[in-house]
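Novice: One structure is given below, represented as structure tokens, and several questions about it will come after.
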Amino acid sequence: MHDNEHSSHHEESFISKYIFSLDHKMIGKQFLIYGLIMLFVGGGLALLFRWQLAYPERPLPIIGASPQYLEEGEVVTGADRMWERIYESEQEEWLEVNMPNGVVEPAFYNMLFTMHATIMVFFVVVPILVGAFGNFLIPLMIGTRDMAFPILNMLSFWLAVLAAIVMTIGFFVPGGHAAAGWTGYAPLSSDPQWTGVDWGQNLWAISLLIQGFSSLVGSINYITTIINMRAPGMTFFRLPLVIWSLFIVAILLLLAFPVLSSALALLIFDRLAGTTFFTATAEGGGDPLLWQHLFWFFGHPEVYILILPGMGIASELVAVFSRKPIFGYRSMVYAMIAIAFLGWIVWGHHMFQSGMRPGLGSVFMTTTMLIAVPSAIKTFNWLGTMFRGSIRFTAPMLHAIAFVSMFVIGGLSGIYMANTPVDIFIHDTYYIVAHIHYVVFGGSLFAMFGGIIFWFPKMYGRHMNDVLSKIHFWLTFIAFNCTFFPMHILGVGGHMRRISNPMQYEFLQQFEGMNIFITMSAFTLGFAQLILVFNFFWSMYRGKVAEKNPWHVNTLEWEAPTPVPHGNFGQIPTVYRGPYEYSVPGEESDWIPQADPEHAPATSGD
Amino acid sequence: MLQWLPENVSTFGQGVDNLFHAIYWLTLIVFVLVMGTLIVFLIKYRHQEGKKADYIEGSTTLEIIWTAATTVIVFVLAMFSYPQWNNIKSPTQFPENPDVVVQVNGKQFNWDMTYPGPDNEFGTDDDLELENELHVPVNAVVHIRLTAEDVIHSFFVPQLRLKQDALPNRFIDVWFEATKAGRYEIPCAELCGFGHSGMLGYLNVHTQNDYDAWVQERWPQ
């Protein structure tokens with residue numbers, strides 16, 4: 001294996017190289033493409049329901065029927081012809097059931113936001129942040145040739161594909177897809193008579209069960225690999241923070257997902273076998289609150305599963321582009337561990353108004369507000385890392401700065417909801433919608449974009465186009481804030497979430513203009529992502545060819561040749577120091593790679 | 001931003017609003033300080049030719065300061081919140097001897113209000129059932145026995161700063177005292193099916209005289 005240039009060229013068929021690949025890098029890229037495709041599905045669903053919120057009961061643009069057609073039956077546009085054909089056909093067409101004339105039906109609206117959230121959480125953010133970055137980065141950054149269990153790794157990806165296929169089929173079954181919210185509160189979700197949704201909800205549960213297996217397999221692999229396969233000298237406190245975050249996330253996934261799987265299994269029994277785990281019947285039986293406890297016992301760690309890798313990626317980017325060591329490396333690690341631990345004892349804050357004993361609300365408020373402590377530590381440490389640095393405003397760094405700022409807003413808005421009396425008012429309003437999007441879009445997605453641009457040269461051997469990346473960044477950043485910041489105001493005004501027509505309420509009339517503004521911003525935000533996708537695929541073939549370590553980074557993935565061959569390293573590197581030895585005094589260059597044997601005793605670095 | 005809050009018309013609402021304002025100012029100050037610092041750093045420490053970053057690994061003193069400061073703020077805030085929360089939600093702390101008791105039953109997609117009538121007992125002949133219309137006197141303690149028939153609903157009156165989920169086969173006690181006569185909307189705040197949007201009742205807060213007249217009309221003696 002010494003001569004890596006040649007070992008990479010052993011013949012592989014197309015199928016074993018690109019489809020059923022065992023190589024962690026290919027699996028990482030597969031997860032990335034998978035997540036990007038699902039990002040457009042999930043985003044598209046959001047645009048459909050945003051239209052309804054801005055212009056309730058009005059036909060959608062392009063595919064909606066024209067006013068002439070609606071009023072007089074006169075066929076004017078191509079869309080009118082399509083609707084004419086649909087109404088004339090014998091069988092019930094999908095479009096006819098869900099959005100006659102291009103108007104979103106209330107039941108279809110419920111399905112749209114349910115599937116938007118389900119897809120974004122389970123099929124975009126986790127597959128990209130954990131699946132793509134985890135797979136690609138872990139072996140490279142800890143200095144090993146592949147994952148501990150390559151076949152399990154492949155299985156993890158293909159189970160995720162199976163889950164996505166099952167989830168997609170749900171859109172087309174009679175009765176429509178799941179429409180009980182991504183949180184699937186029982187008894188709405190557990191008894192078909194309350195929604196009219198039949199197999200859609202079953203497939204939703206089955207798909208998430210499969211996705212659970214995928215995550216389980218993946219997380220076992222990550223944990224084993226990180227514990228056992230670190231390069232010589234790579235102690236735990238020399239691990240890059242992104243690896244720490246993925247390690248902690250893998251533990252959370254391993255412990256949290258089985259709880260959801262159990263709940264889903266009980267839900268399927270309730271729906272198909274006539275059990276009543278989540279229904280309070282006169283004869284006794286179960287309790288709707290049981291579902292909420294199980295769901296959120298998984299759901300809150302899940303929220304940290306979504307944000308921790310973002311924190312890890314942002315930490316890498318901030319250190320590299322400030323050319324400085326991470327401020328308080330160890331406290332960053334301990335803060336992540338604290339967040340992961342606290343994540344297990346805060347689930348009740350989703351249930352303050354649920355009928356849970358009020359005394360418990362006070363307990364959960366206290367634990368929840370304590371999360372402000374590690375979050376503050378992390379934020380101040382990111383600022384400390386930039387302090388007296390030499391900041392390069394590259395596209396990845398812009399995303400990292402956006403991550404930090406949006407995380408500050410998302411973190412601070414969390415305090416309102418953690419506070420039980422204030423939560424009475426803003427619970428189930430747009431305030432929570434704003435909060436979750438500041439954390440998961442403003443946080444996780446900005447980190448994800450930054451990470452993609454940053455590691456793209458190592459993944460594909462080429463740079464993404466810098467101008468396009470920056471245009472994409474600014475459009476996304478502005479449109480994101482225009483979309484989600486006003487939702488705080490809607491929440492303060494008492495605007496409930498999950499209602500399809502705010503104009504039905506007198507006290508919400510005043511928000512019509514704001515809802516239109518939000519929808520316009522959301523469309524801009526959605527279309528801005530086309531720039532990213534174009535840039536991504538165009539750069540894969542036409543981008544500027546990247547050198548081995550274009551950003552001058554210390555960590556081990558940049559020691560591997562570009563493009564990274566099978567087996568990653570010619571010789572497994574030895575690690576001599578921590579990952580963030582930037583601008584060490586007395587050194588000529590402002591970076592010292594972890595694997596550089598020179599200057600070995602100069603710094604502690606851990 | 002807080003001018004968007006609907007007018008408060010309940011006795012305990014002011015306490016909620018005070019906390020809302022306190023957190024608003026607290027988070028606004030933190031936000032301005034953090035963002036201000038970030039922007040200053042971004043300008044001041046931008047890359048300049050020939051200038052190298054300083055090698056700083058961290059500061060234990062600073063870590064201790066911001067850990068301790070955040071912890072203290074969190075606990076102070078929690079201390080002020082416990083009594084408000086218990087006052088609104090703990091049945092043991094509700095004002096006793098309510099002036100009016102009503103049972104509210106959420107069902108797809110209406111609120112059913114049941115009055116016990118002059119005998120003050122539910123399930124008797126003089127019970128009165130109203131769909132989506134709740135009538136109470138101003139400045140009077142109202143107790144609501146909240147329940148649901150099918151799925152979970154949530155009883156929300158924005159102007160009262162009151163929200164409570166209603167669960168099938170369970171009765172949850174809620175109380176309020178309205179301070180201003182008027183007609184207020186009671187939306188359902190928990191997704192309850194395709195008719196969730198538009199599930200809407202009304203709270204009619206009457207002056208004592210009007211309320212007495214309403215009672216007289218309903219239960220003529």
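The values are calculated or read from the model by the stated rules, or taken from the named source; none is laboratory data. Being a predicted model, the structure only gives us computed values, none of them experimental. In this analysis, Cβ positions are derived from the backbone assuming ideal geometry, glycine residues included, and neighbour counts consider all displayed protein chains.
Novice: So which residues in the stretch B:27-55 are under 30 Å from the mean Cα position of the chain (by Cα), facing chain A (nearest Cβ under 7 Å) and surrounded by fewer than 18 Cβ atoms within 10 Å (Cβ to Cβ)?
Specialist: Result: B:PHE31, single match.
Residues checked against (1) buried (at least 24 other Cβ atoms within 10 Å of the Cβ); (2) away from chain B (no Cβ under 14 Å):
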site: A:VAL97; (1), (2): no, no
site: A:TYR109; (1), (2): yes, no
site: A:HIS116; (1), (2): no, no
site: A:VAL121; (1), (2): no, yes
site: A:VAL124; (1), (2): yes, yes
site: A:VAL130; (1), (2): yes, yes
site: A:LEU137; (1), (2): yes, yes
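Novice: Are any of the residues in the stretch A:279-288 over 30 Å from A:MET356 (Cα atoms), surrounded by 20 or more Cβ atoms within 10 Å (Cβ to Cβ) and more than 26 Å from the chain's Cα centre (by Cα)?
Specialist: No.
Novice: Now, a different point. What are the residues in the stretch A:96-111 that are in a helix (DSSP H, G or I) and either of a type in the set (Ser, Thr, Tyr) or more than 17 Å from A:GLY196 (Cα to Cα) (or both), if any?
Specialist: Those that are in a helix (DSSP H, G or I) and either of a type in the set (Ser, Thr, Tyr) or more than 17 Å from A:GLY196 (Cα to Cα) (or both): A:PRO100, A:ASN101, A:GLY102, A:TYR109.
Novice: Looking at the structure I just gave you, is A:ALA372 buried (at least 20 other Cβ atoms within 10 Å of the Cβ), under 22 Å from the mean Cα position of the chain (by Cα), within 26 Å of A:PRO593 (Cα to Cα) and facing chain B (nearest Cβ under 10 Å)?
Specialist: no
Novice: Moving on to the next point. Testing B:ASP165 on (1) within 8 Å of chain A (Cβ to nearest Cβ); (2) modelled with pLDDT of 95 or more; (3) surrounded by fewer than 24 Cβ atoms within 10 Å (Cβ to Cβ), one condition comes back false. Which one is that?
Specialist: It fails just one condition, (3).
This table checks each residue for (1) in a helix (DSSP H, G or I); (2) more than 26 Å from A:GLY343 (Cα to Cα).
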{"site": "A:LEU260", "(1), (2)": "yes, no"}
{"site": "A:LEU264", "(1), (2)": "yes, no"}
{"site": "A:LEU267", "(1), (2)": "yes, no"}
{"site": "A:GLY274", "(1), (2)": "no, yes"}
{"site": "A:PHE278", "(1), (2)": "no, no"}
{"site": "A:TRP291", "(1), (2)": "yes, no"}
{"site": "A:PHE297", "(1), (2)": "yes, no"}
{"site": "A:PRO301", "(1), (2)": "yes, no"}
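Novice: Same structure again: If you go through the stretch A:387-407 one residue at a time, do you hit one that is surrounded by fewer than 24 Cβ atoms within 10 Å (Cβ to Cβ), under 30 Å from B:GLN164 (Cβ atoms) and at the interface with another protein chain (Cβ under 7 Å from one of its Cβ atoms)?
Specialist: There is no residue in the stretch A:387-407 that is surrounded by fewer than 24 Cβ atoms within 10 Å (Cβ to Cβ), under 30 Å from B:GLN164 (Cβ atoms) and at the interface with another protein chain (Cβ under 7 Å from one of its Cβ atoms).
Novice: Of these, A:ILE391, A:ILE377, which one is touching a strand residue (DSSP E or B) at 6+ places or on another chain (Cβ under 7 Å), of a type in the set (A, V, I, L, M) and under 26 Å from A:PHE449 (Cβ atoms)?
Specialist: When all the criteria are applied, what remains is A:ILE391.
Novice: State whether the residues of the stretch A:330-342 include one that is outside any helix (DSSP H, G or I), within 7 Å of chain B (Cβ to nearest Cβ), farther than 18 Å from B:ALA78 by Cβ and over 24 Å from the mean Cα position of the chain (by Cα).
Specialist: no
Novice: Okay, moving on. What is the number of the single condition among (1) more than 9 Å from every other protein chain (Cβ to nearest Cβ); (2) assigned to a helix (DSSP H, G or I); (3) in contact with a Pro (Cβ under 7 Å, 6 or more places away or on another chain) that B:ILE64 does not meet?
Specialist: The failed condition is (3).
Novice: Within the stretch A:187-198, identify whether any single residue is modelled with pLDDT of 95 or more, surrounded by fewer than 24 Cβ atoms within 10 Å (Cβ to Cβ) and out of contact with any strand residue (DSSP E or B) (no Cβ under 9 Å at 6 or more places or on another chain), and answer yes or no.
Specialist: Checking the stretch A:187-198: not a single residue is modelled with pLDDT of 95 or more, surrounded by fewer than 24 Cβ atoms within 10 Å (Cβ to Cβ) and out of contact with any strand residue (DSSP E or B) (no Cβ under 9 Å at 6 or more places or on another chain).
Novice: Let me ask another. Which condition number in (1) without any contact (Cβ under 8 Å) to a residue 40 or more places away in the chain; (2) closer than 30 Å to B:THR179 by Cβ; (3) of a type in the set (Gly, Ala, Ser) is the one that B:SER59 fails?
Specialist: Among (1) without any contact (Cβ under 8 Å) to a residue 40 or more places away in the chain; (2) closer than 30 Å to B:THR179 by Cβ; (3) of a type in the set (Gly, Ala, Ser), the lone unmet condition for B:SER59 is (2).
Novice: For the stretch B:204-221, which residues satisfy the criterion of being assigned to a helix (DSSP H, G or I) and of a type in the set (Phe, Trp, Tyr)?
Specialist: Correct list: B:TYR211, B:TRP214.
Novice: Then there's this: So how many residues does the stretch B:176-203 have that are in a strand (DSSP E or B) and away from chain A (no Cβ under 14 Å)?
Specialist: Of the residues in the stretch B:176-203, 2 are in a strand (DSSP E or B) and away from chain A (no Cβ under 14 Å).
Novice: Let me ask something additional. Quick one: which helices (runs of 4 or more DSSP H) lie wholly within the stretch A:131-243 and hold at least 2 residues that are touching a Ser or Thr at 6+ places or on another chain (Cβ under 6 Å) and within 29 Å of A:LEU112 (Cβ to Cβ)?
Specialist: Filter on the stretch A:131-243 gives A:150-169, A:199-228.
Novice: Here is a further query. Of the residues that sit in the stretch A:499-515 and are at the interface with chain B (Cβ under 7 Å from one of its Cβ atoms) and crowded, with 19+ Cβ neighbours inside 10 Å, which one is farthest from A:MET99 (Cα to Cα)?
Specialist: A:TYR505
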